[in-house]
Every structure is written in structure tokens, then in C-alpha cells.
Amino acid sequence: MPYQKYGFLAPAGSNVNYIALSITYKVKPALAYHYNEDGGHSTDPNKFRNWICWMRWSNKIRTFMQDQRYKVIQILCNDKLEYLLLNWFEKHSRKFDHDYPYLHEWIGQQTLAWQKVCKNEEDCLIRATLHWFYKIHNKRDPDVIDIKEIKDKFHFNLFYNNNFKLLANEFKKYDVIYTKKMYSDWVTSQKIIFDSHDKIISSLENPKELHSFWQKGIALGLYGKKHKLDEQQAWKRYAQL
């Protein structure tokens, strides 16, 4: 049997580092599982140990699927999508000094993109977050589209369904014995994420009471989704509060 390595197709915020490290290594509790002492991931197949990660589908991935040394898995995100945004914002806002400043770069780009339709920088960023929320709820969006060619899936929403058994069964598909202690350690490590989500849910009617622009944007999106509002209607409601 050839030595197997893994490739993961996964959007930002999808817990890909934790999933990959759980399948290939033992992980230590942390808010963001980007690194451990045994190795991490890379987009360069010559610079990684047991796994590689891509954010968008391409013909390059198809070549890995044809190589028997690799198992390619898509982290499929079709529910609980607000956690994709929460993970990205909450973790990048607490980045290590040596991490690339993704959030800082995003803020600059989005402020510029929305400045003609928003009255200040915070509104630009709330509006941009709301746009991102609605964007990923389109099943044809490149971040969440189900690539039928990839037969092996890992369902992202199972982390947030409060059902350990279903999540354990998902890991079992990849020969990982996922224990209650592993799940408990993960939940504890994600306290910031869950606390942020609780605040958002409790403030859907009054999103301006929330602390961060991303919480406000996600709250607008969740309210809009609940009440069948489109993106523009959700933003108009916020402007009228």
C-alpha cells in the first residue's frame, strides 16, 4: 500500500488546520490550529509533510486526485456558515506577530471598495461583512460549491451541531478515533468563537449594541436570513436603526 498523504479543499475559516492535524498528527488545544511541532501545511507540495491545502477548485487539484499516494478531501460547508466568518475574523484579529496581516489587508481593501456607499469606515466594514455573509450562502459560490468529482467529504457543520457522535463518525471515515476528550478540548479552545456567536444571537434585533464590525455584519445577515430579506434589505434595516 503506497504511503498516503492528504489534500484538503477548504475555504477560510473551515477548521481545516484542526481537521488535517487530527487526521495526520496529534494536536494541542489552541484558538487557531495553524502550527504544531510536527509540521503544518503549505500550498507547495515540496514543503509539507503529510498534507496540503487549497481554497479553490482547479485542474491542479485534479492531478493530485489521480495520484494514488494522495487522498483529497473537501471540507463541505453547507450549514452554520456564519462560523466561517466568525472563525476568520476572531482568529485573525488575534494573530501572532509572524502571521501575514490578512485582516489588516482586508480592512484596507473593503474600506476602499465601500467608501462611496457608506458614511464612515465602520459602516464600510459592516457592509463588507454582510456582503460576505450573503455571498457564501449562494451554493454556487466558489468557497462553498460542492465539487462532485471529490468523493471524500468532511462536513463542517458537524462541529457546531452539538452532537459528538456525528462528528466522531465523520472522523472515523478517515480512520481517526475521535474521543470525547478531544471534542471537549476543542470546544474549550474555541470559547472565544462560541461566546462571540452567543452575543450575536442575543443581539439580532439590536446589532448596533455589538462590539465589533464583524459581529454586527453577521448579526445583520442572520436576521436577514431568518426574515427572508435579501442583502440590500438587510442593510437598509441597519441604516434605519
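The values are calculated or read from the model by the stated rules, or taken from the named source; none is laboratory data. Please read these numbers as outputs of a predicted model, since none were measured by experiment. All Cβ positions, glycine included, derive from the backbone under ideal geometry; neighbour counts span all protein chains shown.
For the reader, a short list of remarks on this structure follows.
- Yes/no for Thr111 being touching an Asp or Glu at 6+ places or on another chain (Cβ under 7 Å) and part of a helix (DSSP H, G or I): yes
- Single residue of region 183-222 satisfying the filter (in a helix (DSSP H, G or I) and acidic (Asp, Glu)) that is farthest from Asn15 (Cα to Cα): Glu209
- Residues that are at pLDDT below 95, over 19 Å from Glu122 (Cα atoms) and of a type in the set (S, T, N, Q), drawn from region 79-108: none
- Residue count, region 211-240 (criterion: in contact with a Phe, Trp or Tyr (Cβ under 7 Å, 6 or more places away or on another chain) and surrounded by 20 or more Cβ atoms within 10 Å (Cβ to Cβ)): 6
- Only residues that are polar (S, T, N, Q) and either more than 17 Å from Ser14 (Cβ to Cβ) or in contact with a Ser or Thr (Cβ under 8 Å, 6 or more places away or on another chain) (or both) were counted across region 157-182, and they come to 4.
- Put simply, of Arg94, Arg127 the only residue that is loosely packed, with under 13 Cβ neighbours inside 10 Å, basic (Lys, Arg) and either in contact (Cβ under 8 Å) with a residue 12 or more places away in the chain or part of a helix (DSSP H, G or I) (or both) is Arg94.
- Of all residues in region 197-219 being under 12 Å from Ile126 (Cβ atoms) and in contact (Cβ under 8 Å) with a residue 24 or more places away in the chain, the one that is farthest from the chain's Cα centre (by Cα): Lys208
- Whichever residue in region 1-41 is aromatic (Phe, Trp, Tyr) and modelled with pLDDT of 75 or more and, among such residues, is nearest to Lys180 (Cα to Cα): Tyr18
- Scanning region 197-209 for residues that are of a type in the set (A, V, I, L, M) and either touching a strand residue (DSSP E or B) at 6+ places or on another chain (Cβ under 8 Å) or surrounded by fewer than 20 Cβ atoms within 10 Å (Cβ to Cβ) (or both) gives Ile201, Leu204.
- Set side by side, the residues Leu112, Leu103 differ, and just one is of a type in the set (A, V, I, L, M, F, W, C), without any contact (Cβ under 8 Å) to a residue 24 or more places away in the chain and surrounded by fewer than 17 Cβ atoms within 10 Å (Cβ to Cβ), which is Leu112.
- Being modelled with pLDDT of 95 or more, within 17 Å of the chain's Cα centre (by Cα) and in the same structural domain as Tyr25 (by TED's automatic domain parsing) is a property that Leu222 lacks.
- Any hit, region 144-164, residues being of a type in the set (Lys, Arg), part of a helix (DSSP H, G or I) and surrounded by fewer than 12 Cβ atoms within 10 Å (Cβ to Cβ): no
- Residue match in region 160-174 (condition: under 17 Å from Lys80 (Cβ atoms) and under 16 Å from the mean Cα position of the chain (by Cα)): yes
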